[in-house]
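Engineer: Quick one: the structure is below, questions incoming.
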Amino acid sequence: MMFTTAFLVQALLASAAFAIPTSKERAASRRARRSGATRQSKPVDRITSPTSEVSNASYVEFSSNWAGAVLVASTATYKSVTGTFTVPTPKSTGGSSEQCATAWVGIDGDTCDTAILQTGVDFCVTGSSVSYDGWYEFYPAASVDFSGISFSTGDSVTVTATVISTSEGTLTIENNSKGTTVTKTVSSSAKLCETNAEWIVEDFEECEGSDCELVPFANFGSIEFTGASATTSSGTVTPAGSTLIEIEQNNEVLTTVSQSGSTVSIVYV
């Protein structure tokens, strides 16, 4: 009888283990759910009258979807932007629905909102299960997931966006921990202004037709872009002097952003 009970317990544990989806299965499931919708990063959605509870007056901007640092050129034009961050472990803020955030670098999307050349990594959580996707986008086109690259918590990732012309660019993600790199050259009928360079954590949108809404925002912990720099027509610059943007949703500020030298830190609060 004891043998039978032990056998049944082992069988149940084994079947439960087989039922746990792998990271690849979770990513495939996400792509299947996206089949009827498109994933898209969008220009910054400024909040012109932030909640009165906001006390940190040093931040120039608040938005519903962007947190991070933005350089705005007065005369030079931005030709590339890069930064390195560690892949976080996203945590659910409650409920059973999937929650996500994304970290990316890009050209334009702030003062120039007609086009964005950008690439980054999504991190999503459902319960205790997490998944990651690398993507590229030349807004206003929807984003596209990279193939041939995977991510795990703690991986060091470098993301780079490079302008070829106002209507063409190259987007690259390097997983420094795994030794893999993916690159895509993209073009668009939309024209870059080349006046903004960004290091951003975003609450991105999913759209069905013209109906778009922000995905539930995950607690991403913290993202620190190191080695952050942008190349201009007159040289290379750090994020020093950038506009810092925080995410505010439902009258609550969800992030804290700071910048020092070539580092941009974004923390979920």
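Engineer: For the stretch 112-269, give the share of DSSP beta bridges that are antiparallel, in percent and rounded to the nearest 5; count only bridges with both residues there.
Structural biologist: Values: 48 of 48 bridges.
Restricted to the stretch 112-269, the bridges split so that about 100 percent are antiparallel.
Engineer: Obtain the nm distance between the two label points defined at N251 and S233 by a simple spin-label model: each point lies 7 Å from its Cα along the Cα-to-C-beta direction.
Structural biologist: 4.6
Engineer: Another question, then. Taking the stretch 123-249 on its own, what percent of its Cα-Cα pair distances exceed 25 Å? Could you put the intermediate results ahead of the total?
Structural biologist: Values: 2650 of 8001 pairs.
For the stretch 123-249, the share of Cα pairs beyond 25 Å comes to 33 percent.
Engineer: If you don't mind, there's one more thing I want to ask. Once amide H atoms are built 1.01 Å from N in the peptide plane, which residues 5 or more positions from Q249, or in another chain, come under 5 Å H to H?
Structural biologist: The answer is L254.
Engineer: If you project the alpha carbons of the stretch 21-268 onto their three principal axes, what span does each projection cover, largest first, in Å?
Structural biologist: 50, 44, 37
Engineer: Where in the stretch 219-253 is the amide nitrogen less than 17 Å from a point lying 7 Å along the Cα-to-Cβ axis of V60?
Structural biologist: Within reach of a label on V60, which here means backbone N under 17 Å from a point 7 Å along Cα→Cβ, the stretch 219-253 contributes 230, 237-247.
Engineer: Pulled fully out, how much extra length does the chain show between T111 and S258, if you take 0.36 nm times their separation in residues and subtract their Cα-Cα distance? Kindly include the intermediate steps, with their values, before the conclusion.
Structural biologist: On the way: separation 147, 0.36 × 147 = 52.92 nm, distance 2.05 nm.
Net length gain for the segment: 50.9 nm.
Engineer: Something else now. Multiply the residue separation of A37 and D145 by 0.36 nm, subtract the distance between their alpha-carbon atoms, and state the gained length in nm to one decimal. Each step should come with its number before you reach the end.
Structural biologist: Working: separation 108, 0.36 × 108 = 38.88 nm, distance 1.34 nm.
Length gained between A37 and D145: 37.5 nm.
Engineer: Find how many whole Å separate the alpha carbon centroid of the stretch 197-224 from the alpha carbon centroid of the stretch 132-196.
Structural biologist: 16
Engineer: Can you list the HN-Hα couplings for the stretch 230-238, worked out from phi with the Karplus curve (6.51, -1.76, 1.60; θ = phi - 60°), rounded to whole Hz and with x for Gly and Pro?
Structural biologist: Those phi angles translate into 9, 9, 10, 5, 10, x, 9, 10, 9 Hz.
Engineer: Then there is this: Compute for the stretch 161-211: radius of gyration divided by Kirkwood radius, i.e. Rg/Rh, restricted to C-alpha atoms, rounded to two decimals.
Structural biologist: Details: Rg = 14.2 Å, Rh = 13.6 Å.
Expressed as Rg/Rh, it is 1.04.
Engineer: Please list the non-local residues whose amide H lies under 5 Å from the amide H of S80, H modeled 1.01 Å from N, same-chain partners needing a gap of 5 or more.
Structural biologist: Answer set, sorted by chain and number: V163, T231.
Only the coordinates and a few stated rules stand behind these numbers; no lab work does. Worth saying up front: this structure is predicted, and the values here are computed from it rather than measured. Reconstructed Cβ throughout: ideal geometry from the backbone, glycine too, with neighbour counts over all protein chains shown.
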